[in-house]
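The values are calculated or read from the model by the stated rules, or taken from the named source; none is laboratory data. All values derive from a computational prediction rather than experimental measurement. As a convention, Cβ positions derive from the backbone with ideal geometry for all residues, glycine included, and neighbour counts pool all protein chains shown.
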Amino acid sequence: MQTILFILNDPPYGTERSYNALRLAVTLAVQPERQVRLFLMADAVFCAKSGQKVPAGYYNIETMLGKVAQRGEVALCGTCMDARGLRDAEVIEGCRRSAMVELAQWTAQADKVLVF
């Protein structure tokens, strides 16, 4: 099985980097021969904030991330969460607090690493 690690740095809205990363991650996550892992750092930790409300017809990062979490793994930098006041209870189901140690392990294990 091929393991693909995505590292996201940008906020969920305001740029399309996280949106485009999640578009690719969702597409890859449904392929049974691939394992998808996402590590959210910096402002990307807000991608996992529950209760996102967006205008009708606009993409919803929470929904997209939830699709990846159902089939893969999603971890958030705990230091980045703390710096931004994001509590564990505010994170969507299937996403969890993590640390650089796990990111280092995931990076060493990955067949491909994509940074957005």
Taking segment 27-72 and keeping residues under 26 Å from Ala108 (Cβ atoms) and among the polar types (S, T, N, Q) leaves Thr27, Gln31, Gln35, Gln70
ask   = Quick check, is Phe46 closer than 15 Å to Cys95 by Cα, modelled with pLDDT of 95 or more, over 9 Å from the mean Cα position of the chain (by Cα) and of a type in the set (Phe, Trp, Tyr)?
value = yes
Hey, Ala89 farther than 29 Å from Met1 by Cβ and aliphatic (A, V, I, L, M) or not: yes
Considering only helices (runs of 4 or more DSSP H) wholly within segment 55-116, the ones with at least 2 residues that are touching a residue at least 60 places away in the same chain (Cβ under 8 Å) are 100-109
All-but-one check, Arg37 against (1) closer than 15 Å to Ile92 by Cβ; (2) in contact with a strand residue (DSSP E or B) (Cβ under 7 Å, 6 or more places away or on another chain); (3) not aliphatic (A, V, I, L, M); (4) not in a helix (DSSP H, G or I), failing number (1)
Selection over segment 1-29 where residues are among the β-branched types (Val, Ile, Thr) and in contact (Cβ under 8 Å) with a residue 12 or more places away in the chain yields a count of 4
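Of all residues in segment 49-79, which are in contact with an Asp or Glu (Cβ under 8 Å, 6 or more places away or on another chain) and crowded, with 16+ Cβ neighbours inside 10 Å? Break it down into steps so the answer makes sense when it comes.
First pass over segment 49-79, keeping only residues in contact with an Asp or Glu (Cβ under 8 Å, 6 or more places away or on another chain): 49-52, 66, 69, 75.
Lys49, Gln52, Gly66, Ala69, Ala75, listed by residue number.
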